[in-house]
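Read-outs throughout are calculated quantities, based only on the coordinates presented, and are distinct from any laboratory measurement. Just so you know, these numbers come straight off a predicted model, no measurement behind them. Virtual Cβ from ideal backbone geometry, glycine too; neighbours counted across all protein chains shown.
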Amino acid sequence: MSDLVEINSEQPMLWRVKKLPDNAIYGPVDAVTLKEWANSAQISPQDQIDQSDESWKPAPEVEFLDMLWLVMLPDEEIYGPTTVGTLREFIHEGLISEKTHATHVKTHQSLPIGALFAALDFEKKRAMKRPPKEAKKSTASLAVDMAKDQRIRQLEEDLKALRQEHESLTHKYRQLNLQMQESTKTSRR
């Protein structure tokens, strides 16, 4: 993060970050920069944010930062809520994998981070093509829908395998039944 910057009264809303545990203050910065910091794992869930007026609040309470995801780290510690960008950083650093589950703090839906990333990438591509009504659907909702679709496909594959196994067992049963009938006929003679 950059060093403290003097406040310029001509700038739009300015934000500051108080890093815990040392209480170092960074900013003021505009909302775009603050969001970039959050998405690059530079703002933790324990950090405090204010609008240059000494009314500090936890970073996850600043809605536009989208700190909405909880994740379990390898040491069994729950981290978050944090941003999708931070989850990407954690994967890049090897702290978690795409198979690690993330849980949305508002919907409590849990899905593998790889599925979340796929949903977000899909959402970006689809955003340009979809009608305005679907534009209001949240990314978390889309991620859950994709996870459901993936689960349905897996269940369909499992059902197909079970049907094949059932057919095979039915065939073996009929063969054994015929053999038993044959052996009963020959033993009666």
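Over the chain, the ratio between the Cα radius of gyration and 2.2 N^0.38 Å evaluates to 1.70. Think of the chain as a dipole: +1 on every Lys or Arg Cβ, -1 on every Asp or Glu Cβ, centred on the Cα centre; then among 143, 86, 159, 159 lies furthest on the positive end. Relative to the current alpha-carbon distance between residue 105 and residue 169, full extension at 0.36 nm per residue lengthens the span by 18.4 nm. Of 86, 107, 170, the residue with the greatest mean-square motion in the GNM of the chain, using alpha carbon springs below 10 Å, is 170.
Using Cβ point charges alone (K and R +1, D and E -1), the dipole size of the chain about the Cα centre works out to roughly 2040 debye. Computed over region 46-114, the P(r) tail beyond 17 angstrom holds 44 percent of alpha carbon pairs.
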